[in-house]
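Here the structure is laid out as C-alpha cells; the discussion comes afterwards.
The values are calculated or read from the model by the stated rules, or taken from the named source; none is laboratory data. It should be emphasised that the depicted structure is a prediction, and the values quoted were computed from it without experimental measurement. Here Cβ is always computed from backbone atoms with ideal geometry, including for glycine, and neighbour counts include all displayed protein chains.
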Amino acid sequence: YELVACHRRRSLAADRESDVVLISSRSVHAFYDAFYAWLREQGVTFVKVDYQGAFEALDSYADSSPQDAAAAIAEMRAAYYDAVESAALRHFGPGSIIYCMAQSPFVVARTLHRQGLQRQQPQQQLVTAEATLPAVDRMVLRNSDDYIPDVPSHHGWHIFCNIANTVWSRSLGDCFSTDWDMFRPGQPESRLHAAARALSGGMVYVTATAAEFESADLREVAGDDASVLPHMPPRLDSRCLFTDMTKVPAILVSSVAIPKASAVIAALFNVSSGTVVAPVSLCGMYAEAMGRLKHRLPQSTIAAAPPFLVAPGSSLAPADGLASECYAVHQHSTGRVHIAATAGAAPAFVLGLQSLACDAVTVAKMAVIRSADRSAILYAACVGDTSRYGGVAAVERSVYGVLSRGVPGSPCPSPPPTPQAQRQWHVRTRVAASSRQIAFAFSSREAVAEGRQLPITVHNVRVSSSSNSNSSNSADWCFDDETGALAVELNPDTTATAPPTVYITVLLSA
C-alpha cells in the first residue's frame, strides 16, 4: 500500500506531538476491503472504529505547503470514511460500525448530508472517486467517553454523561443510534450499567470472557430473541438539566414516551456517593415526556394515533365530573403493579436508592370505558412485559370494549348470564414476539360523580400467536382482586416467532 508521512500536533485527540505514517487516499479502499474481508473470515460480525477524532490533530501532509496540506488532509479523511463504510457494509452488513471518538462536526455533518441525499434519491447509490458505496445505514455513534470498570468514581459519571449527552444526540433524529459503550457483567455496578443501556434506545454490548458471558443474566435487558426495547433514546428530566447529578443527593431521572401504549418509562438512578431518599412525581414524569413527544411529532401524526382503540359500539367515558384520571404503575425492582389516581393532586411515591443503585418505573394512562348500560366505568391499561426494563414498549396495540358489543375475533367464551350482564368488558392486546410475562391493571367504579369503587374479576384469559384467533390457547394467569393487577405468563414455544395477542374478559363480581 502507498504510504504518506504526516505530522500530528498535540490536541484533545492526541496527547503528544509526533510524526505518523498513514495509508494514502489512493490505497485506503483496497486496504480496508482486504482487512474487513479477513476479519469476516475469522467470524467477526461488526467493528468499532476508534480514535476518529485524531484526524483533527493532523497539521502537515508529506512535503505539501500548509494550504495544500489542509486540502490533502481533508481529502484523506473523506477517503478513509468512504473506505471504512463501503468495506463494512460489503462484508458485515448494515449497522455494523460503531463510530468511536467521533463526536465531531465533520463526522455528524457528513452523515446527515449523505443520508439527506439518499432520502432525496433513495434508489441511487452514492458514487465517490474510488468506489460506489452501498446505501447509507443508521450511524451507530458513541455517546460518551469510555466505560472504565476498575475506577469506582467513574461509574456514576459515565451514566450521567450518557444521559446528559442525549440532549444533543437525540436531536440528530433517526439518522443516528447511540452507543453507551460496553459494560462488564458480574461487577457490583453491573446492574446500574445494564439498566442504563437497556433504556438507552441503542444496542447493548458487554465485554467479557466466553465463560463470563455465558453466566451473565441479561434477561432483564433483552428478550429471548436478543431484542432490546425501547428503540428510542431517553430524555433527561428538565430538573436534572443544569446540575452535576454525581455531586448532589438527588435522583437522576430520564424518560421515554411509548405512545402506542400511552405510557412512559422512567429510569431512576442514584449516581452520587451517598444514599438518596426522594419523592418521585408520577404525573410530572408522564406529562413532561408525553408533552415533549407532542411537540416533536407532526399534528397529523398525533391525530391519526389515538392513545386508546375502542371497539365498535363502545365509548370512552370522560373523566371530568365522573372520576379522576388513573395511571397504572409498574415498579421494576419490586415487580409490583398498582393504580394511582390524580384526584386533583399529582401522585408521587418516595423512592430510596443506595449509591450507584437504580430502578425503572412504567406509568401507563388507563383507558376509561363505560359499561353497556352506562352505569359503570372500567379503567384498564397494559404495562407490557414486566420481565425486562423496557417491557411496555412490547405493547403493539390494545383494544378495549364492552362484552355485549364484543370485540371481533375474540376467542374468549362468554361468561354465564348474570344480573351484571351489562357490566362486562373485553380487552385485546397484541405484544411483541418473545414477550414473557404481560401485566395489566383494572379497576371499576360507578359512573357518577365520586362513585364508589366496584369489585371486578377476570373471567377468562386466552392467548393467540397467529392471525386466526380460533387457534388460541388458555394461558397461565393470576389476578389480584385487591390491587387490580393481572399477570399473564406466555409460553415461549408459541410466542417466539409471531406477536401474540392476549384476550381478556373482565366483569363485575356478583
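It is to be established whether one or more residues within the stretch 128-137 are within 27 Å of residue 26 (Cα to Cα), under 21 Å from the mean Cα position of the chain (by Cα) and at pLDDT below 90. Looking for residues that are within 27 Å of residue 26 (Cα to Cα), under 21 Å from the mean Cα position of the chain (by Cα) and at pLDDT below 90, one finds at least one in the stretch 128-137, hence yes. Taking the stretch 54-69 on its own, how many of its residues are of a type in the set (Gly, Ala, Ser), more than 11 Å from residue 5 (Cα to Cα) and either at pLDDT below 85 or assigned to a strand (DSSP E or B) (or both)? The number of residues fulfilling the criteria is 1. Restricting the stretch 72-118 to residues that are outside any helix (DSSP H, G or I) and small (Gly, Ala, Ser), the residue that is surrounded by the most Cβ atoms within 10 Å (Cβ to Cβ) is 102. One residue alone among 1, 36, 61 is surrounded by fewer than 12 Cβ atoms within 10 Å (Cβ to Cβ) and in contact with a strand residue (DSSP E or B) (Cβ under 8 Å, 6 or more places away or on another chain), and that residue is 1.
The residues of the stretch 364-395 that are out of contact with any Phe, Trp or Tyr (no Cβ under 8 Å at 6 or more places or on another chain), over 16 Å from residue 221 (Cα atoms) and of a type in the set (A, V, I, L, M, F, W, C), listed by number, are 372, 376, 377, 395. One residue alone among 272, 262 is surrounded by 13 or more Cβ atoms within 10 Å (Cβ to Cβ), closer than 23 Å to residue 156 by Cα and modelled with pLDDT of 85 or more, and that residue is 272. Can you go through 220, 212 and tell me which one is among the charged types (D, E, K, R), surrounded by fewer than 18 Cβ atoms within 10 Å (Cβ to Cβ) and part of a helix (DSSP H, G or I)? That would be 212, the only listed residue that is among the charged types (D, E, K, R), surrounded by fewer than 18 Cβ atoms within 10 Å (Cβ to Cβ) and part of a helix (DSSP H, G or I). Number of residues in the stretch 16-42 that are more than 18 Å from residue 93 (Cβ to Cβ) and either in a loop (DSSP other than H, G, I, E, B) or within 34 Å of the chain's Cα centre (by Cα) (or both) equals 6.
Only residues that are surrounded by fewer than 15 Cβ atoms within 10 Å (Cβ to Cβ) and at pLDDT 80 or above were counted in the stretch 309-348, giving 3.
None of 444, 464 is crowded, with 23+ Cβ neighbours inside 10 Å, at pLDDT below 90 and of a type outside the set (A, V, I, L, M) except 464.
Residue count for the stretch 177-209, restricted to those that are of a type in the set (S, T, N, Q) and assigned to a loop (DSSP other than H, G, I, E, B): 4.
Pairs linking a residue in the stretch 151-174 that is at negative phi to a residue that is modelled with pLDDT of 95 or more and assigned to a helix (DSSP H, G or I), with Cβ atoms under 6 Å and 6 or more positions apart or on different chains, are 159/196. For residue 116, the requirement of being at pLDDT 75 or above and small (Gly, Ala, Ser) is not met. Taking the criterion of being touching a Lys or Arg at 6+ places or on another chain (Cβ under 7 Å) and surrounded by 12 or more Cβ atoms within 10 Å (Cβ to Cβ), the residues of the stretch 8-32 that qualify are 14, 17, 18, 20. What single numbered condition from (1) loosely packed, with under 13 Cβ neighbours inside 10 Å; (2) at pLDDT below 90 fails to hold for residue 229? So the condition that residue 229 fails would be (1).
From the list 217, 225, 237, 181, the one residue that fits, being more than 14 Å from the chain's Cα centre (by Cα) and at positive phi, is 181. Going through (1) in a helix (DSSP H, G or I); (2) of a type in the set (Ser, Thr, Tyr); (3) closer than 21 Å to residue 434 by Cα one by one, residue 169 falls short only on (3).
Of all the listed residues (226, 257), the sole one being more than 22 Å from residue 157 (Cα to Cα) and part of a strand (DSSP E or B) is 257.
If you go through the stretch 190-234 and pick out every residue that is within 19 Å of residue 396 (Cβ to Cβ) and β-branched (Val, Ile, Thr), you end up with 1.
Residue count for the stretch 417-441 satisfying the condition of being modelled with pLDDT under 85 and touching a strand residue (DSSP E or B) at 6+ places or on another chain (Cβ under 7 Å): 2.
Taking only pairs six or more apart or across chains, which ones have beta-carbon atoms under 8 Å, a first residue in the stretch 33-56 that is at positive phi, and a second residue that is modelled with pLDDT under 85? Hits for this filter: 51/13; 51/101.
Yes or no: residue 351 of a type in the set (A, V, I, L, M), more than 23 Å from residue 481 (Cβ to Cβ), at pLDDT 80 or above and surrounded by fewer than 22 Cβ atoms within 10 Å (Cβ to Cβ)? Yes. Counting only residues that are surrounded by fewer than 20 Cβ atoms within 10 Å (Cβ to Cβ) and assigned to a loop (DSSP other than H, G, I, E, B), how many does the stretch 233-246 have? Within the stretch 233-246, residues that are surrounded by fewer than 20 Cβ atoms within 10 Å (Cβ to Cβ) and assigned to a loop (DSSP other than H, G, I, E, B) number 5.
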